[in-house]
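The values are calculated or read from the model by the stated rules, or taken from the named source; none is laboratory data. The structure presented is a predicted model; accordingly, all values stated were derived computationally and were not measured. Neighbour counts are summed over all protein chains in view; Cβ atoms, including those assigned to glycine, are modelled from backbone coordinates with ideal geometry. Side chains included, ligands, DNA and RNA excluded: accessible areas come from the protein's heavy atoms. Shrake-Rupley method; radii C 1.70, N 1.55, O 1.52, S 1.80 Å.
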Amino acid sequence: MNSCWKLVAIIGCALFASLLIPRTSSADEPSAREPGVWQKHEYSFVFMGFTSTYSCDGLADKIRVLLIAAGARHDAKSQPGACANGFGRPDKFARASLTFYTLTPSGPDAPPGTKQVDGIWRSVSIADRSPRELGTGDCELVEQFRNNVLPMFTTRNVDDHTTCIPHQNSGSLISLRFESFAAAVRAPHAPPAQPAGT
């Protein structure tokens with residue numbers, strides 16, 4: 001009986017040790033940098049949902065969060081539209097005016113003089129509390145964003161399992177994953193080295 005327990009302990013230790021070995025996958029490694037150019041987009045977003053109601057300023061804030069999460073340039077603007085109920089009050093037809101830039105690969109045919117930016121393919125996951133400002137009640141907003149705004153981005157490998165049940169939050173699921181071509185984060189420049197003895 002003792003030898004059986006010793007064998008179980010040895011196998012358990014081996015399995016535990018194998019879990020501690022770090023593993024990397026191609027998804028963990030940053031993609032190679034590619035040249036890209038910024039494209040400007042302007043869009044009038046009108047929310048049409050059954051479950052949640054937004055004020056125009058609240059809708060504009062949520063959409064800006066989605067724009068930045070999806071890979072838009074950080075100067076993205078999402079301005080409250082004209083709403084019947086005024087600032088901070090829920091409106092059945094809340095709207096927002098969007099002005100934002102997305103990065104698109106420029107390829108070798110880029111016209112001379114075009115300002116290019118280093119871009120990478122970045123994994124994006126939109127779910128309940130990811131970004132943290134989103135909740136299950138935003139399910140229909142994410143659906144509308146996916147259908148109307150996301151096609152303006154350069155994306156690949158879209159995996160969408162978002163399911164929204166009208167008039168209730170229970171049973172609704174936000175699950176949207178994709179890769180977005182976005183600007184590569186520049187490493188901060190190190191301060192110049194000081195000469196020795198100064």
Fill in: Cβ pairs under 9 Å, 6+ apart, first in the stretch 137-148 and open to solvent by less than 50 Å² (accessible area, probe 1.4 Å), second assigned to a helix (DSSP H, G or I) and of a type in the set (Gly, Ala, Ser)
Phe145/Ala70
Response to the item:
Among residues of the stretch 62-82 being touching a helix residue (DSSP H, G or I) at 6+ places or on another chain (Cβ under 8 Å) and open to solvent by less than 10 Å² (accessible area, probe 1.4 Å), the residue nearest to Met48 (Cα to Cα) is Ile63
Fill in: Where a residue in the stretch 159-185 is open to solvent by 60 Å² or more (accessible area, probe 1.4 Å) and its partner, wherever it lies, is of a type in the set (Ser, Thr, Tyr) and part of a strand (DSSP E or B), with Cβ under 7 Å and at least six apart
His161/Ser175; Leu173/Thr163; Arg177/Ser125
Item to complete: Please name all residue pairs, on different chains or six or more residues apart, with Cβ atoms under 6 Å, provided the first residue is in the stretch 68-88 and is under 20 Å from Val124 (Cβ atoms) and the second residue is assigned to a loop (DSSP other than H, G, I, E, B) and open to solvent by 20 Å² or more (accessible area, probe 1.4 Å).
Response: Ala69/Pro131
Discussion item. Residue under question is Thr102, and the condition is that it be open to solvent by less than 50 Å² (accessible area, probe 1.4 Å), in contact with a Pro (Cβ under 7 Å, 6 or more places away or on another chain) and under 29 Å from Gly36 (Cα atoms); does it hold?
Written reply: no
Worksheet entry | Candidate set: the stretch 83-101, residues that are small (Gly, Ala, Ser) and at pLDDT 85 or above; chosen: the one nearest to Thr51 (Cα to Cα) | Ala94
Worksheet item: If you check Ser44, Ser18, Ser31, which single one turns out to be surrounded by fewer than 11 Cβ atoms within 10 Å (Cβ to Cβ), modelled with pLDDT under 95 and either in a loop (DSSP other than H, G, I, E, B) or of a type outside the set (D, E, K, R) (or both)?
Response: Ser18
Practice prompt. For the stretch 63-118, name all the residues that are among the small types (Gly, Ala, Ser), under 15 Å from Tyr43 (Cβ atoms) and outside any loop (DSSP other than H, G, I, E, B).
Written response: Ala70, Ser78, Ala96, Ser97
Response to the item:
Gly119 meets each of (1) touching a Gly at 6+ places or on another chain (Cβ under 7 Å); (2) over 21 Å from Val65 (Cβ atoms); (3) open to solvent by 20 Å² or more (accessible area, probe 1.4 Å) with one exception, condition (3)
Worksheet item: What number of residues within the stretch 122-136 are in contact with a Ser or Thr (Cβ under 6 Å, 6 or more places away or on another chain) and open to solvent by 20 Å² or more (accessible area, probe 1.4 Å)?
Response: 4
